[in-house]
1. Please list log₁₀ I(q)/I(0) at q = 0.12, 0.18 Å⁻¹ for the range A:1-155, using the Debye equation with identical point scatterers on the alpha-carbon positions.
2. Report the one residue of A:Phe23, A:Phe77, A:Val59 whose Cα lies farthest in the direction of the positive end of the charge dipole of the protein assembly as shown (charges on C-beta: Lys and Arg +1, Asp and Glu -1; origin at the Cα centre).
3. Note the direction-averaged projected area, equal to a quarter of the hull surface, for the Cα convex hull of the protein assembly as shown, in nm².
4. In the range A:1-100, what chymotrypsin sites (Phe, Trp or Tyr not before Pro) fall in a loop by DSSP, with at most 12 other Cβ atoms inside 10 Å?
5. Express in whole angstrom the spacing between the alpha-carbon centres of the range B:136-174 and the range B:67-102.
6. Counting only other residues whose beta carbon sits under 11 Å from that of A:Pro224, what net charge do I get with K and R as +1, D and E as -1?
7. How about A:Lys148: which aspartates and glutamates have a C-alpha closer than 12 Å to its C-alpha, ignoring those fewer than 8 places off in the same chain?
8. Pick out, in residue order, every one of the GluC sites (Glu not before Pro) in the range B:251-306 that is DSSP loop and has at most 16 other C-beta atoms within 10 Å; say none if there are none.
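The values are calculated or read from the model by the stated rules, or taken from the named source; none is laboratory data. This structure is a prediction, so every number in the text was calculated from the model and none was measured. No Cβ is skipped: glycine too gets one built from the backbone with ideal geometry, and neighbour counts run over all protein chains shown. When the accessible area is computed, the model is the full protein with side chains, heavy atoms only, and any ligands, DNA or RNA have been set aside. Shrake-Rupley method; radii C 1.70, N 1.55, O 1.52, S 1.80 Å.
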Amino acid sequence: MRPVKHTYLWLLAAFVFSVIYLFPLYWMYITAIKSPSEIFASPPTFWPNDPDLSIYPDVWEAREVPRYMWNSLVIAFGATGLTVVFGTGCAYVLARYRNIWVDVGLFLVLMLQVLPASVMVTPLFVGFNQIGLLGWPRTAVVLGVAAKSMPFFVVLVRAAFMTIPRELEEAGLVDGNSRIGAFIWIVLPMARNAILVCALLIFMQAFGEYIYSASIIQDQKLAPASVGLKTFLGPNSKDWNAIMAYSAMYVTPILAIFILLQRRIVAGLTAGALK
Amino acid sequence: MQIEILNLDKHYGAYHALRDVTVQIPKGQFVALVGPSGCGKSTLLRSIAGLETITSGTLKIEGEIVNDLPPRKRDVAMVFQSYALYPHMSVAENMTYSLRIQGVSKADALKRAREVAEVTGLTDLLDRRPRDLSGGQRQRVAMGRAIVREPKAFLFDEPLSNLDAALRVHMRTEVRALHDRLGATSVYVTHDQIEAMTMADHVVVMRQGVIEQQGAPMELYDRPANKFVAGFIGSPAMNFVDGKIGEDGHSVTLALPNTPVIPLSRKAEAGRNVTVGMRPEHLSLDANDGQIEVAIRSVESTGSMAYYTTRTDPELMLVEQGRNRFRTGDTARLRIAPENVQLFDRKTDIAI
Ligand SMILES: Nc1ncnc2c1ncn2[C@@H]1O[C@H](COP(=O)(O)OP(=O)(O)OP(=O)(O)O)[C@@H](O)[C@H]1O
Ligand SMILES: [Mg+2]
């Protein structure tokens with residue numbers, strides 16, 4: 001049977017590619033628990049001879065991981081929250097009202113997306129400095145990151161809103177909802193998956209954000225984990241197992257969220273394709 | 001009056017969608033709005049629901065002026081052409097949604113929904129999602145959702161147009177029976193004049209935002225106010241032939257071969273140019289008795305009815321009961337029943 005053969009072939013291909021993609025991740029986890037000499041051994045070992053898990057608590061303590069992680073979380077939640085609250089409203093309006101000004105607005109929103117963070121950071125720094133926001137650097141970073149991710153969110157969520165027929169909302173109005181009520185109880189639940197997926201992607205991006213944090217946050221006590229990682233990297237840094245342990249602690253929560261919600265994410269990204 | 005629409009006007013920017021529309025709907029009446037596509041039927045219905053703001057005029061529901069009230073304060077239920085069922089809710093949730101907004105307890109709302117489900121035949125489907133229903137079942141849910149509310153009026157926007165022909169005919173009687181049982185007041189939009197004629201107590205014929213005529217179905221059929229209504233109501237459509245009133249004012253000469261002259265029962269202005277309207281069932285064919293001789297261009301027979309067209313200019317359409325007695329290419333004599341002939345002014349198209 002040909003089709004069955006093909007299925008196995010595809011599965012094999014998928015497996016091979018997964019191995020290639022996941023190998024760096026694997027390498028990060030095992031390098032963390034190797035001894036320093038084994039890290040540089042040639043040929044490399046694919047499983048540590050003498051796994052040393054104590055590196056994790058050591059780095060957790062010595063590198064003040066909890067504080068850095070907390071700052072990362074504050075920035076990620078702040079930026080995601082801002083983006084979702086304002087972006088959802090914005091996307092809805094842009095989806096429902098059709099005129100020339102909406103198109104102009106959408107174009108401007110997309111323009112923002114084109115500008116890279118490294119270009120934006122200097123004007124942002126100057127601007128935040130002038131209005132005194134540098135006194136609250138995490139807030140400043142939250143604003144910057146939210147502004148940066150807003151176009152992405154607005155464009156995708158707007159597309160999701162546009163697939164929701166207007167008549168459903170009108171049915172809601174006739175059934176006794178106010179305009180806001182119809183939005184909250186009819187439109188939002190239907191766009192829930194799309195919003196959730198976009199929010200998650202933005203959260204992950206904000207959790208790893210580096211450029212704004214590194215330039216705006218001067219005080220290490222307020223810096224996120226991405227900036228904290230930089231403190232390892234000197235001209236002759238050699239404690240690779242510590243760096244890898246730190247990285248593992250940094251990315252594992254995100255990976256966990258992603259795996260837990262991956263069904264939702266796939267469903268959200270293909271929504272509308274089915275129907 | 002349950003619903004009063006007085007001198008209503010609606011503009012979309014520069015476009016004048018409804019002009020000076022006045023309709024009075026007593027409690028318990030079934031009103032049909034008919035007209036060709038784009039004539040403003042949906043706009044009028046949506047104005048009653050409050051989904052469109054009106055430019056001028058007065059709209060009253062149960063005597064209260066509702067011009068500026070939002071839809072939720074008007075207490076009307078609407079059935080959309082696409083049904084607009086909430087896809088993220090089960091059938092039961094769809095049906096109880098408006099009650100729950102009004103603050104009815106969940107148990108009471110569900111009890112009401114069960115009763116309505118009984119009537120509409122949805123009892124076994126209450127836990128399903130809309131996407132797991134057939135088109136006909138969705139249509140029932142949409143109706144059920146409206147009925148549960150016991151609203152002041154039902155508004156239907158072409159609710160049967162997505163169903164197949166047989167089900168559509170069946171649902172016509174069912175919707176009407178439901179209306180009568182509930183003692184409801186209904187406004188029903190359709191582009192299908194047969195639906196309007198068979199279901200409604202009162203038919204409103206619209207064209208380009210204007211009401212051309214309104215009245216009881218048979219009144220529109222027997223005494224159309226103008227050529228448009230005459231041509232729109234009735235199937236197959238009325239035949240129109242140019243004609244001229246004779247010198248005595250009591251006859252009309254038709255622009256057909258052999259210029260037949262038809263006596264008129266009432267007096268008309270002598271020499272006036274008119275359009276003569278003749279319904280297909282008021283014409284008949286006979287082997288030797290009739291005003292003119294015609295050749296038959298085509299014959300369609302359904303068994304119970306025979307439809308003929310003639311090889312004349314303009315072509316005439318005839319309907320007869322029973323099997324076809326003539327075949328394509330035959331010649332026969334055409335009889336025109338004088339008492340049923342309608343006259344319209346040639347220029348203004350208004351009935352004389
Ligand atoms: N939002 C709008 N803006 C501008 N013009 C509109 C708008 N909605 C409707 N119209 C116009 O108003 C006219 C009446 O529309 P309406 O939907 O009431 O027609 P209809 O009689 O229901 O036709 P159909 O049988 O095709 O549904 C149409 O010419 C339409 O183009
Ligand atoms: Mg319409």
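1. -0.89, -1.06
2. Towards the positive end, the residue furthest out is A:Val59.
3. Mean shadow area of the hull around the Cα atoms is 44.9 nm².
4. Sparse-neighbourhood loop chymotrypsin sites (Phe, Trp or Tyr not before Pro): A:Phe40, A:Phe46, A:Tyr97.
5. Value for the Cα centre distance between the two parts: 14 Å.
6. Summing Lys and Arg as +1 and Asp and Glu as -1 gives +2.
7. The qualifying aspartates and glutamates are A:Glu209.
8. Answer by residue number: B:Glu269.
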